[in-house]
1. Residues Gly94, Gly105, Gly150, Gly143: which one is small (Gly, Ala, Ser) and in contact with a Leu (Cβ under 7 Å, 6 or more places away or on another chain)?
2. Just for region 119-134: of the residues that are assigned to a helix (DSSP H, G or I) and surrounded by fewer than 17 Cβ atoms within 10 Å (Cβ to Cβ), which one is modelled with the highest pLDDT?
3. Could you tell me how many of the residues in region 60-87 are in contact (Cβ under 8 Å) with a residue 40 or more places away in the chain, in contact with a Gly (Cβ under 6 Å, 6 or more places away or on another chain) and surrounded by fewer than 21 Cβ atoms within 10 Å (Cβ to Cβ)?
4. Return the only residue of Gly90, Gly104 being closer than 15 Å to Gly144 by Cα, in contact with a strand residue (DSSP E or B) (Cβ under 7 Å, 6 or more places away or on another chain) and either touching a residue at least 24 places away in the same chain (Cβ under 8 Å) or part of a strand (DSSP E or B) (or both).
5. Filter region 3-49 down to residues that are of a type in the set (Gly, Ala, Ser) and in contact with a helix residue (DSSP H, G or I) (Cβ under 8 Å, 6 or more places away or on another chain) and give me whichever is most open to solvent (accessible area, probe 1.4 Å).
6. For region 15-55, which positions are small (Gly, Ala, Ser) and under 24 Å from Pro160 (Cα atoms)?
7. Can you pull out the residues in region 135-154 that are outside any strand (DSSP E or B) and buried (at least 18 other Cβ atoms within 10 Å of the Cβ)?
8. From the residues in region 44-59 that are in a loop (DSSP other than H, G, I, E, B) and without any contact (Cβ under 8 Å) to a residue 40 or more places away in the chain, which one is farthest from Asp155 (Cα to Cα)?
Amino acid sequence: MAREVQRGANSVLGVEATLWQVPETLSSVILQKMKAPPKTNDVPVIRPHQLKEADGFLFGFPSRFGVMAAQCKAFFDATYELWASQALAGKPAGIFWSTGFHGGGQELTALTAVTQLAHHGMLFVPLGYTFGSGMFEMNEVKGGSCYGAGTFAADGSRQPTDLELQQAFHQGKYVAEIAKKLKR
């Protein structure tokens with residue numbers, strides 16, 4: 001999903017989207033017991049101060065018990081200095097996510113994440129129904145909503161569908177276009 005969001009953002013002329021991951025907070029022993037997939041080596045870890053460099057954001061995270069995973073919350077908790085100076089105020093930000101199943105917090109994850117953006121004064125950019133007929137698809141399982149793109153991961157073995165990836169690409173492009181307009 002994140003790579004497709006990035007691809008969508010990069011499809012906008014003059015936009016350069018960078019993919020980052022938040023620092024891991026769990027030990028390797030716990031991750032092994034959880035059977036967590038290994039982290040990719042080609043995506044660097046971001047530090048809070050690096051957020052100042054961006055003109056806009058698309059934050060993606062897995063849902064845990066209906067809210068963003070603790071690692072993502074810990075990252076936002078570490079942005080205190082940015083909050084205190086309102087360094088991110090006025091910057092557009094969207095949200096996308098992955099949940100395990102229906103009822104796993106698709107929209108709740110998005111709604112609870114909006115509080116992080118609001119405290120920073122970021123401008124929440126919902127997907128709305130800009131994805132067109134893909135928003136109304138009823139013949140296949142599809143995550144996401146008017147709040148942003150989403151997927152269902154099941155036990156971690158399910159990969160995003162073509163439709164979910166198309167929605168992620170669309171969201172990346174949509175938010176990048178808005179960030180570009182606001183920067184002018």
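1. Among Gly94, Gly105, Gly150, Gly143, only Gly94 is small (Gly, Ala, Ser) and in contact with a Leu (Cβ under 7 Å, 6 or more places away or on another chain).
2. Looking at the filtered set, the residue picked out is His119.
3. Looking only at that region, the number is 1.
4. Step by step, each of Gly90, Gly104 is checked, and only Gly104 is closer than 15 Å to Gly144 by Cα, in contact with a strand residue (DSSP E or B) (Cβ under 7 Å, 6 or more places away or on another chain) and either touching a residue at least 24 places away in the same chain (Cβ under 8 Å) or part of a strand (DSSP E or B) (or both).
5. For region 3-49, the residue satisfying everything is Gly14.
6. Once the filter is applied, which keeps residues that are small (Gly, Ala, Ser) and under 24 Å from Pro160 (Cα atoms), region 15-55 yields Ala17, Ala36.
7. Of everything in region 135-154, those that are outside any strand (DSSP E or B) and buried (at least 18 other Cβ atoms within 10 Å of the Cβ) turn out to be Lys142, Gly143, Gly144, Tyr147, Ala149, Ala153.
8. Ala54
The values are calculated or read from the model by the stated rules, or taken from the named source; none is laboratory data. For clarity, every value in this text was computed on a predicted model and none was experimentally measured. Cβ: placed from backbone, ideal geometry, glycine included. Neighbour counts: every protein chain shown. For the accessible areas, the whole protein counts, side chains as well, though only heavy atoms, and no ligand, DNA or RNA atoms are used. Shrake-Rupley method; radii C 1.70, N 1.55, O 1.52, S 1.80 Å.
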